[in-house]
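Q: Could you have a look at this structure, given as structure tokens, before my questions?
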Amino acid sequence: MKYDVAIIGLGPAGIEFAKCALKQNLSVIAFEKSFVGGTCLNLGCIPTKTMLSSAEDFCKSSFIKNQSLNVVNSQHYSEFCKKRDSVVQKLNNAVENDLKKRGLVIIKAKACLSIDSRVAGVVANDTQYCASNVIVASGSVPMDTDLKFNSNTILSSDDLLSLSQLPKNILIVGSGAIGIEWARILNSLGVKVTIVEKAPSLAPSCDKDISSRIERMFKVSKIMYYKGVTVVDYNDSIAFLSNGEQVACDKILIAVGRKKIIPKLVSDFPLEVYQDCTSNVPNLYFIGDINNKKMLAHAASFQAKALFDKIFNGKEFYMPEIPSVIYGTPEIASIGLNEQDIADLKDYKIYKLPVASLPKAWCDGEIDGFIKIITKDDFIVGAHIVCKEASAMISQLAIALRYGITVEQLKNVIFPHPTYSEGIIEALNYG
């Protein structure tokens, strides 16, 4: 049987493309070598946010009992892991069952690409599958450094989820979203955390004000950090740094980013992948993390819909600005331009409001943070928020940025009081 669509990988990108195709009554087959849902559901977003929620709940209960920041015991940690695994399993089953009900054929096997006469196909379990359109959404895996993962002392973010007990102290290499979120989780559970970042600032891809605020928050939380430094060796529970210092640590988490997974190519063919997810093979497309663009689940899902519309509905491929969030207390969210990346600021206006200006922040006892909005010619071109509910607030600004809503138009929208969201208008009026 020849299918309309064959998909390699059922992470966010593969799932979204499958749903779009099934909605238009196309025949779809998908190949997944591990778990439906991909990294986000099984090893990334969902398990880490569940652990973060448990860690924050633990901190609150410890504070109430006057045991502020006691080290979590093995029983507590085991319960946190059981909750995490239960959430992942429930969502995993729900997603897979939903796809099957929609009519998706799922093959649980590792898939390879075959290209014959500039037509792509899929090989799995020694069987050749033909499709009018082959979608590669094979995702990514954690990237190591000169220190190689060993699943024991030098860990990936995947390995960290398999720990049966918490380390007493850990060194985290890298201060991107993964490194910062795990630093917050482990610190909340009483683990001594040290971060090593080779860039001159923490969270180097973020706006400079966010980087500065993270440094301040880490000092308050007693999370140690080094900037402009690398780990050159690790022996006998001692990490040796490039600045000559040594850090005692039971474990090292490498959180320097992710690298794409490229399916094995059965035939010898020089592949080229283009910005619009197409390739030099007419029926072969690449979406999600494998594009090496912004490796985020929501970016992958949107990319899948944009590509589907290009192939089947004749629309122009388009990717808007992608919001990003670092979770924890407070949340950290961004979209668009960073201030330090603008060569000449004279044509831009920056609005900034401290969260402590908002009554709702005082009601919740969450006064740390700011709202920063960058505009040009009255249009929003960037926004950066450190605040409770920042993940929701950045979505409001993403709408304004995507559809060209001006500052003056946004000021004519009534935001409810008391909320964190009204800080957007407060920033534009008075920041």
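The values are calculated or read from the model by the stated rules, or taken from the named source; none is laboratory data. These numbers were taken from a predicted model, which means no experiment stands behind them. We place every Cβ from the backbone using ideal geometry, glycine too, and count neighbours over all the protein chains shown. With ligands, DNA and RNA removed, areas are computed over all heavy atoms of the protein, side chains included. Shrake-Rupley method; radii C 1.70, N 1.55, O 1.52, S 1.80 Å.
Q: Could you pull out every whole DSSP H run in the chain that spans at least 15 Å of Cα extent along its own axis and averages 0.0 or higher on the Kyte-Doolittle scale?
A: Once both thresholds are applied, what remains is 12-23, 45-64, 177-188, 297-312, 390-402.
Q: Separate question: Averaged per residue, what accessible area in Å² does the chain show with a 1.4 Å probe, protein chains only?
A: Ligands and nucleic acids excluded, the result is 48 Å² per residue.
Q: Per-residue accessible area for LYS294 at 1.4 Å probe radius, Å² rounded to 10?
A: Looks like 100 Å² after rounding.
Q: Rounded to the nearest 5, what % of the DSSP beta bridges within the chain are antiparallel ones?
A: Numbers: 44 of 76 bridges.
Given both bridge residues lie in the chain, the antiparallel proportion sits at roughly 60 percent.
Q: Additional query: In whole percent, how big is the carbon plus sulfur part of the accessible area of the chain, probe 1.4 Å, protein atoms only?
A: Numbers: 10540 of 20580 Å².
Carbon and sulfur atoms account for 51 percent of the accessible area of the chain.
Q: Could you order the peptides 133-144, 112-123 from most to least packed, using the average number of other C-beta atoms within 10 Å per residue?
A: Packing order, densest peptide first, comes out as 133-144, 112-123.
Q: If we sort 277-288, 338-349 on the protection proxy, mean other Cβ atoms within 10 Å, highest first, what's the order?
A: Descending mean neighbour count gives 277-288, 338-349.
Q: Between GLN275 and ASN125, what is the label-to-label distance in nm when each label sits 7 Å out along the Cα-to-Cβ direction?
A: Label at GLN275, label at ASN125, 4.1 nm between them.
Q: If a cysteine in the chain has no other Cys Cβ under 4.7 Å from its own Cβ, put it on the list, ordered by number.
A: Cysteines lacking a close Cβ partner in the chain: CYS20, CYS59, CYS81, CYS112, CYS130, CYS206, CYS249, CYS277, CYS363, CYS387.
Q: At 222 nm, what value in deg cm²/dmol follows for the chain if DSSP H runs of at least 4 each add -39500 (n - 2.57) and the sum is divided by all its residues, to the nearest 500?
A: The per-residue figure over the chain is -10500 deg cm²/dmol.
Q: Right, another one. In the neighborhood of THR230, defined by Cβ-to-Cβ distances under 14 Å, what is the net charge if each Lys or Arg adds +1 and each Asp or Glu adds -1?
A: -3
Q: I need the Debye-formula profile for the chain: one equal scatterer per C-alpha, no solvent, reported as log10 I(q)/I(0) at q = 0.12 1/Å, two decimals.
A: Treating every Cα as an identical point scatterer, log10 I(q)/I(0) equals -1.12.
Q: Still on this structure: Quick check on packing: order 354-362, 202-210 by the mean number of other C-beta atoms within 10 Å, highest mean leading.
A: 202-210, 354-362
Q: A further question on this structure: When the label point is put 7 Å from the Cα of LYS376 along its Cα-to-beta-carbon vector, which residues of segment 316-331 have a backbone N closer than 19 Å?
A: Backbone N within reach: 319-323.
Q: Can you tell me the FRET efficiency between MET319 and LYS168 if r is taken as the Cβ-Cβ distance and R0 is 35 Å, rounded to the nearest 0.05?
A: Between MET319 and LYS168 the formula returns 0.20.
Q: While we're on this one: Kindly state, as a whole number, the per residue volume in cubic angstrom of the convex hull around the alpha carbon atoms of segment 327-428.
A: Values: hull volume 9.1 nm³, N = 102.
For segment 327-428, the hull spanned by Cα atoms encloses 89 Å³ per residue.
Q: Calculate, for LEU345 and LYS23, the FRET efficiency according to 1/(1 + (r/R0)^6) with r their C-beta to C-beta distance and R0 45 Å; round to the nearest 0.05.
A: 0.50
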